[in-house]
Structure formats: C-alpha cells, structure tokens
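One structure below.
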Amino acid sequence: MPLEDHVGKTPLGRRGLMLILSSPSGAGKTTLTRMLLQIKELDLTLSISVTTRARRSSEVDGLHYTFIGKKQFDALREGGDLLEWAEVHGNYYGTPREPAEQVLQQGRDVLFDIDYQGTRQVKEKSGGDAVTIFILPPSMRELRSRLERRAEDRPDVIDKRLSEARNEIRRWTDYDYVLVNDDLQSTFSGLRAILAAEHRRAARAREEIAAFVERLLGET
C-alpha cells in the first residue's frame, strides 16, 4: 500500500499544510486559486480574511471576507489570534489563526491568497506548515495588457498597480517556489505538482513515518 493513494489522503495521519499564493495584480493568482478550489480531490479550504472595511454590494460576508468592527479586530490582534495582518488605506485586514488550525489538524490543507508582507508573517508563525509560491507574469508588457483587458481601472490606477508590481516582484526570493504564468494550464499543472511533492516530503511527517515503518517492519 503506498504512503499516499492521492494528494491529501494518507495513512500516516499527516498534518495539513498551508499553501500560500502571492503575485502582483494581474499575474493570475485569483484565477489559479479558483482553479485549485474546484478540484475536489485536493480538498483545499480557502482561508477567509477578516476586515474592518465596509462590505461592498457584490460581496458576501463569510465568503469574500468576514466583516468585523475595529474593536473586534484589535482584540484578535492583541490576543495573538491573527496569523498576519496589515493596514491598507485606513482599513485593517487579517488572517484568523483558529479556523486554519482546525483544518490543519484534520490533515487537510489551507489555501492562502495573500501578499508578500502577509506571507512573511505567516511563515514566522507557522513553522514548517507553510509552502509559499510566487506567481510571475511573463513580461511587464503582458501584465499591463492583462490589467487593461480587465477594463476595471483608470490608466493612472493601472500605472500605480504596475509600480507596485515591480516592488512585489523584487520579493520573489522570499518564496519556496516561483512560477512564470505564461500559460495558465501549464502553471496550474506546476501548482499541482508542487502540492503533491510537498505532501511526500518526509520532513512533514517524520514521526508518523517512523511509527509506520516500525509497524511495517514488525509484520510477519
């Protein structure tokens, strides 16, 4: 019997991992996140951030974000109950620790869609649970083209996003893996390969493997 029948299933009692995806706006992270969540056998749970900003009409509380007040956010932060947090344009965003921990203890994986600052904080607090992947665009010209095709932002906003993208791209060395998203399906296949390989790393389940081997060698 193999140690793993397929991704996410194992007789070893493996703890789940934190799969963190980051990218500059327009590089494809949101699309790749959605594609991963649609693969049922991966059994990924998306980490839902909390925020103090007002809910937009198109957003669903508990699906896009969990919307909370500033006092509640401060209590979570001061109590050490956030894996990461940041202030953006006067609003606060953060990742609650407890929901992620519950999923990890079940041996299931949690998917995070956060920036490099949040990634750094999560890695500091998560030990060996985190696997970090940075998604790069094939070129700045293509990144601009993708942002323009969205038809969501004014030209000056696109210029600002591209400037921010250059700063984010310089952080690629903070990540375990880097994928260039020049072809969506190829990049998606790369993500699945990384996830499968990380599940099979002995360091993630050393104690469980040792016990399994002892049972194996004790069989007659």
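The values are calculated or read from the model by the stated rules, or taken from the named source; none is laboratory data. Everything numeric in this text was worked out from a predicted model, so none of it was measured. Methodologically, a virtual Cβ is constructed for each residue, glycine included, from the backbone with ideal geometry; neighbour enumeration extends over all protein chains shown.
As a summary of the residue check, T30 satisfies the conditions (1) over 18 Å from Y177 (Cα atoms); (2) of a type in the set (S, T, Y); (3) modelled with pLDDT under 95 except for the one numbered (1). Among the residues here, R170 qualifies as over 17 Å from L19 (Cα atoms) and out of contact with any Pro (no Cβ under 6 Å at 6 or more places or on another chain). Just need a number here: residues in region 131-161 that are in contact (Cβ under 8 Å) with a residue 24 or more places away in the chain and over 18 Å from D182 (Cβ atoms). Residues that pass the stated criteria total 4. Checking each residue of region 92-115 against the condition of being touching an Asp or Glu at 6+ places or on another chain (Cβ under 7 Å) and of a type in the set (A, V, I, L, M) gives at least one match. Only a single criterion out of (1) over 20 Å from the mean Cα position of the chain (by Cα); (2) within 24 Å of L36 (Cβ to Cβ) is not satisfied by V157, namely (2). Residues in region 63-74 that are aromatic (F, W, Y) and in a helix (DSSP H, G or I): F73 alone. Return yes when T95 is β-branched (V, I, T), under 30 Å from A196 (Cβ atoms) and crowded, with 19+ Cβ neighbours inside 10 Å and no when it is not. When the stated conditions are applied, T95 passes them.
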